[in-house]
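Below you'll find the structure, written out as structure tokens, and then a few comments.
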Number of protein chains: 2
Amino acid sequence: MPVESSRIPRVPSSAPAAARGLRADARNNRNRILDAARETFAALGLDVPMSEIARRSGVGAATLYRRFPTKEALVTEVFADQLSACVSVVDEALADPDPWHGFCSVIEKVCAMHAVDRGFTAAFLSAFPDAVAFEEERVRAERGFAVLTRRAKDAGRLRSDFAQADLTLVLMANGGIATGSTEAALAASRRLVAYLLQAFRADHADPAEPLPPAPPLGLHHVHRPPTA
Amino acid sequence: MPVESSRIPRVPSSAPAAARGLRADARNNRNRILDAARETFAALGLDVPMSEIARRSGVGAATLYRRFPTKEALVTEVFADQLSACVSVVDEALADPDPWHGFCSVIEKVCAMHAVDRGFTAAFLSAFPDAVAFEEERVRAERGFAVLTRRAKDAGRLRSDFAQADLTLVLMANGGIATGSTEAALAASRRLVAYLLQAFRADHADPAEPLPPAPPLGLHHVHRPPTA
DNA sequence: TGATAACTGGACGAGGTCTTCCACTTACCT
DNA sequence: AGGTAAGTGGAAGACCTCGTCCAGTTATCA
């Protein structure tokens, strides 16, 4: 009888690394916490008390803090996959044969994701320090978007004075669209994005009205002060 | 000897109503508080502690609360004149013989004012309850802007599907532009506004791509929940 | 089944903010 | 100049949030 088999924890290796080797009930609670946190952050933003998330998860505060030593850790974990989704949006767009369509789809999809999730917007913009864990993905998305931008310009569809930093501009502006209902926020975001995409069209660039210079801002430089 | 003369308080009737009849030192302190609050709110947003404003004003907390019973009252007072400035921007634009230029100037100026004052943006968007005091001015500005919109459309410069609620959209989007330095925020705001104004041009409306419907949002419906 | 180690829940402490209270000081009016 | 009422500053109360601790419970494994 192979003793080893009992020593090897039955790990669903597809699960996130942090959930491996947990006792069954603990892993269950962990998932409940993540689900509740996702819902709550999306609906109310990142400023909800940890106690509220514990309450909605049906666990005590200690359990919450045992799984996620700090609120930031919880936020990071919650939005890790959302960030991956953003990155994959860029990958999909790179596979699109129409450069302009790909470019637009990135902006439309990412803005829509932000519009329906209040917490995602805040997390994205606050650039919480643990985000260094996502540095790699962020850089990949940035490079991918740069390629998209170049292709769309070369195709003559995107105005040539569009700056890389304008993506940050769009995301920040879209982040300002926060209203009571999710539907209203999504509708507002869609309309804003539609306006902006029309402004980005090459045939709408007016040589008589040059754009004000782009501010020297990259996604990684956006730091919203904690108390503001 | 006219007794009355001494009974009549020497009121600088040009001063705000709330400052009338105050003792000289009290009025002085009141002004210092307002100045400090203006600076602090503009630089750091509305979330600065009241104690910080008291410290910068050189007064104690009790004095601050004697003048302004609640933080909200202070915020309201501080931004009352800024709001008036916004309204007068509309009035100026109405006097502009060029409807399109007037329309643009409103958006450009108001957005610039919001960009350089973090607190103003928050106060404007949070629509704090005491704002009912400004209801009249708000309505006046709204009507004025409606006139500007109509004129600009009739002149064939503003796209016909521009909605009144799009002003709210622009202001919310502009409110998302908050970066570390004031200069960067202003630069970002300017570029965003330039893009949007190009999108608003009648000759840039693409009949092949109708806009998503405008969300049913007026300025007075924007309510950002307290904790978010 | 029973020992063990991990897990859980509610109570607790630290820190920060808004607001109030009270003894002292100051400006105004006669 | 002097009395008085208003004004002032610092300390303290109420409330909320993040994060910690300990006694009881539960899953795991021989």
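The values are calculated or read from the model by the stated rules, or taken from the named source; none is laboratory data. This structure is a prediction, so every number in the text was calculated from the model and none was measured. Backbone-built Cβ (ideal geometry, glycine too); neighbour counts: all protein chains shown. Ligands, DNA and RNA are excluded from the accessible area calculation, which covers all protein heavy atoms including side chains. Shrake-Rupley method; radii C 1.70, N 1.55, O 1.52, S 1.80 Å.
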key: Whole-angstrom Cα spans of region A:96-220 along principal axes, big to small   = 38, 34, 31
key: Simple label model, 7 Å out from Cα along Cβ direction - B:ARG66 to B:VAL116, nm   = 3.5 nm
message = Need one value: the accessible area of A:LYS109 in square angstrom, 1.4 angstrom probe, rounded to the nearest 10.
response = 90 Å²
key: Rg over Rh, two decimals, region B:72-147 (C-alpha only, Kirkwood Rh)   = 0.99
query = Rounded to the nearest 20 Debye, what is the dipole magnitude of region B:18-69 about its Cα centre when Lys and Arg each give +1 and Asp and Glu each give -1 at the C-beta?
reply = 320 debye
note = Note: A:165-172 gets an average of partner chain Cβ contacts (10 Å, Cβ to Cβ) equal to 4
request  = Mind giving me the nanometre distance, one decimal, between the label points for B:THR182 and A:ALA85, set 7 Å out from Cα along Cα→Cβ?
outcome  = 3.9 nm
ask   = Between B:ALA208 and B:GLU136, 0.36 nm times their residue separation minus their Cα-Cα distance comes to what?
value = 21.9 nm
request  = Mind giving me the FRET efficiency for A:ALA146 and B:ALA73? R0 is 45 Å, r the Cβ-Cβ distance, nearest 0.05 is fine.
outcome  = 0.35
ask   = So how far, in whole Å, is the C-alpha centre of region B:84-124 from the one of region A:54-92?
value = 41 Å
ask   = For B:ALA155 and B:ASP47, what does the FRET efficiency come to when R0 = 41 Å and r is the distance between their Cβ atoms, rounded to the nearest 0.05?
value = 0.45
ask   = So what's the convex hull volume per residue for the Cα atoms of region B:27-100, in Å³?
value = 103 Å³
inquiry  = Straight-line reach only, C-alpha to C-alpha below 22 angstrom: list the lysines that B:LYS153 could link to, leaving out same-chain residues fewer than 8 apart.
reply    = B:LYS109
ask   = What is the average number of partner chain Cβ atoms found within 10 Å of a Cβ in A:46-57?
value = 1
Calculated from backbone phi, Karplus (6.51, -1.76, 1.60) coupling profile of region B:36-43 in Hz, x at Gly/Pro = 4, 5, 4, 4, 5, 4, 5, 7
note = Taking N as the residue count of region B:18-69, its alpha carbon Rg divided by 2.2 N^0.38 Å gives 1.08
